[in-house]
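What follows is a set of notes on a single structure, which appears directly below.
The values are calculated or read from the model by the stated rules, or taken from the named source; none is laboratory data. The structure displayed is predicted, hence computed values, not measured ones. Virtual Cβ from ideal backbone geometry, glycine too; neighbours counted across all protein chains shown. In case anyone asks, the SASA skips ligands and DNA or RNA and just uses the protein heavy atoms, side chains included. Shrake-Rupley method; radii C 1.70, N 1.55, O 1.52, S 1.80 Å.
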Amino acid sequence: MLQVNALNQFYGGSHILRNVSFDVAAGKLTTLLGRNGVGKSTLLKCLMGVVPTRSGSIQWEGQALEKKAPYERVSAGLAYVPQGREIFPRLTVEENLLIGAASRARPSGVPDRIYQLFPVLRTMRLRRGGDLSGGQQQQLAIGRALMSEPAC
Ligand SMILES: Nc1ncnc2c1ncn2[C@@H]1O[C@H](COP(=O)(O)OP(=O)(O)OP(=O)(O)O)[C@@H](O)[C@H]1O
Ligand SMILES: [Mg+2]
């Protein structure tokens, strides 16, 4: 269970997130909808700790996340697929995937389930990430997030 309570975030003087509160139940799909520029990506960045929050709380499985670094949030079970994908363009597909497992104690290669979900990543595993098409990079960004074995 993820519980967000009264979250506030600013870019300089722009107040983007205003007392945002919601719960996300374990095992359910939760969708966030809103017009362009309303703050959806900003909210996700706040949940991951990629941008700082001004106030409010983020509780994940009973532990407070708002002061934790992004890598600690990944270890706690969160994963993040950036809207802009943020693939490492000069690393291979396989290397991009393995980076996603950096938080695991003993990462041992890319599990078959990732390649079953996204067969094109297996075919292109030795190709540079930056040479993939936009949609293929999107698959790679999702696969990389799954490599950390996120909860739920
Ligand atoms: N790094 C930044 N510095 C300053 N303002 C920013 C920054 N990133 C985003 N913003 C502004 O914050 C607001 C929210 O942006 P955000 O990217 O969260 O929107 P979004 O809901 O994800 O939009 P979209 O549907 O277009 O992806 C926008 O007005 C945007 O211009
Ligand atoms: Mg966005």
Relative contact order of the chain: what whole-number percent is it, with Cα pairs under 8 angstrom and at least 6 residues apart? 22 percent
Pull out the extension gain between VAL38 and ALA64, defined as 0.36 nm times the separation in residues minus the alpha carbon to alpha carbon distance; nm, one decimal. 6.8 nm
Tell me the carbon and sulfur percent of the accessible area for the chain, rounded to whole percent, probe radius 1.4 Å. 52 percent
Roughly speaking, what is the stretch gain from ALA26 to ALA105, that is 0.36 nm per residue apart minus the C-alpha to C-alpha distance, in nm to one decimal? 26.0 nm
Using the heavy atoms of the protein chains and a 1.4 angstrom probe, tell me the accessible area per residue for the chain in square angstrom. 60 Å²
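Provide the FRET efficiency to the nearest 0.05 for the ARG90-ASP112 pair, computing r from the beta carbons and using R0 = 30 Å.
Rounded to the nearest 0.05, the efficiency is 0.70.
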Dipole in debye (nearest 20) - the stretch 93-146, about Cα centre, beta carbon charges: Lys, Arg +1; Asp, Glu -1: 120 debye
What's the angle, to the nearest 10 degrees (0 to 90), between helix 134-146's Cα axis and the longest principal axis of the chain? 70 degrees
How big is the chain on each of its three principal axes, counting only the C-alpha atoms and giving the largest first in Å? 45, 31, 25
